[in-house]
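Reading through the structure tokens given below for one structure.
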Amino acid sequence: MKLFSQFCLEAYDASVMGSSQIKKTGQRGEIGADRRKSEPEKRRMKNVGGGKQVPAKSYKDRKDIGTQRQASTRVQQPEKERGSAAASQADAAKAERKKAALARIAARKGGKPTPEKKKDTPTASQLLSKKKTSTVSPDYKPAKESGYSRDERRKIKRAGQRLIRDIQQGKDKPASHYQS
């Protein structure tokens, strides 16, 4: 019977694994695992008209699939040299903040109240202790879905706007003119 360590040595060949550049690719040529949701997992639906809905086709293949992106395009590159004026400004601001913090600590130890502290502002615990009671009305019902697609809803809405505009302008057209 083999020990686990012996089994690992046989399974892991360092000479092959160290020099290997093979990465698992998917069916479409992407590098790495396919993390997309399957059809039954998809929650987003779209109206197709006639009161019917189907799962939205939300995945499009990227143009650069299967190609490695350079680090220079992914990671922000430094704009100035190290130790530039911006760095010295940051150090000065940091020193100023530290000095102010030390002054506050010294004042607190000395028993003097800090100048920024105000008594009239409520503390966090006071703010959190107040319970806001806002309940939803039991009569509330969410709006019912029409079942029309986006284009159908737009068409109906514009036909209504056209009808109102024509009535305001005094044009006499039959009702059949406005039906699609």
Quiz item: For 137, 149, 88, what's the fewest-to-most ordering of other Cβ within 10 Å of each Cβ?
Solution: 137, 88, 149
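Per residue, how big is the convex hull of region 59-104 when only Cα atoms are used? Give it in Å³.
Numbers: hull volume 6.7 nm³, N = 46.
Per-residue hull volume (Cα only) is 145 Å³.
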Practice problem: State the dimensionless ratio Rg/Rh of region 46-85 (Rg: radius of gyration of Cα atoms; Rh: Kirkwood radius). | Solution: 1.43
Quiz item: Which far-off residues, 5 or more places away or on another chain, put their amide H under 5 Å from the one on residue 49, with H placed in the peptide plane?
Solution: 149
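Could you tell me which of the pairs 52/173; 37/63; 60/155 are separated by over 24 angstrom between their Cα atoms in the structure shown?
Details: 52/173 33 Å; 37/63 20 Å; 60/155 28 Å.
Those over the limit are 52/173; 60/155.
All of the numbers you see were taken from the coordinates with simple rules; none came from a lab. Note that this is a predicted model, so its numbers are computed, not measured. Methodologically, a virtual Cβ is constructed for each residue, glycine included, from the backbone with ideal geometry; neighbour enumeration extends over all protein chains shown.
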